[in-house]
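Data block below; observations after.
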Amino acid sequence: MTVEREQIMNALRQCYDPEIPINIVDLGLIYDAQSDTEGNVAVKMTLTTQGCPSAMAIPEQVRARIASIAEVRDVKVEIVWEPAWNPSRITPEGRKVLGLEA
């Protein structure tokens with residue numbers, strides 16, 4: 001059974017970079033999330049910097065949250081550096097939380 005993209009994104013909205021008080025979806029760290037008909041999920045994501053102190057913790061948090069979805073069989077998380085993350089990737093919701101919206 002295919003896991004709906006919205007289920008995946010809702011799970012990812014429960015993941016946070018411990019140094020920034022918004023979820024990784026609104027922070028703009030998720031580049032792609034897909035599933036197949038057998039419940040395998042693949043996520044492409046980045047981090048704010050290559051030297052991110054949470055470089056191991058955030059992908060593990062992503063794996064655990066997605067794996068908690070009943071229909072998920074396997075989770076693969078790929079860290080990518082292109083395109084490089086920058087603050088323009090933050091969603092309007094994230095900007096409000098950070099006080100960046102007027």
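Each value in this text was obtained by applying a stated rule to the coordinates, not by laboratory testing. Just so it is clear, the model here is predicted, and its values are computed rather than measured. Neighbour counts are summed over all protein chains in view; Cβ atoms, including those assigned to glycine, are modelled from backbone coordinates with ideal geometry.
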Gain on full stretching of the segment that runs from Thr2 to Gln50 - 0.36 nm per residue minus C-alpha separation: 14.1 nm
Ordering of 91-100, 44-53 by packing [mean C-beta count within 10 Å, highest first]: 44-53, 91-100
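In deg cm²/dmol, rounded to 500, what helix-only [θ] at 222 nm does the chain give when every DSSP H run of at least 4 residues adds -39500 (n - 2.57) and the total is split over its residues?
Values: 3 runs with 26 residues, N = 102.
Roughly -7000 deg cm²/dmol at 222 nm, from the helical runs in the chain.
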Extension gain from Ser88 to Ser68, taking 0.36 nm per residue of separation minus the Cα-Cα distance: 4.2 nm
Of (1) 50; (2) 44; (3) 65, the label for percent of Cα pairs over 18 Å apart derived from the coordinates: (2)
Long-range HN-HN contacts of Arg73 with modeled amide H, under 5 Å: Asn40, Val41
J(HN,Hα) series, region 69-79, from Karplus relation 6.51 cos²θ - 1.76 cosθ + 1.60, nearest Hz, glycine and proline x: 6, 3, 7, 7, 9, 8, 10, 10, 10, 10, 8
Backbone HN-Hα couplings from phi across region 25-34 [Karplus 6.51/-1.76/1.60, Hz, Gly and Pro as x]: 6, 5, 6, x, 7, 8, 9, 7, 8, 9
Built amide H within the under 5 Å cut-off of Asp17, gap 5+: Ile22, Ile24
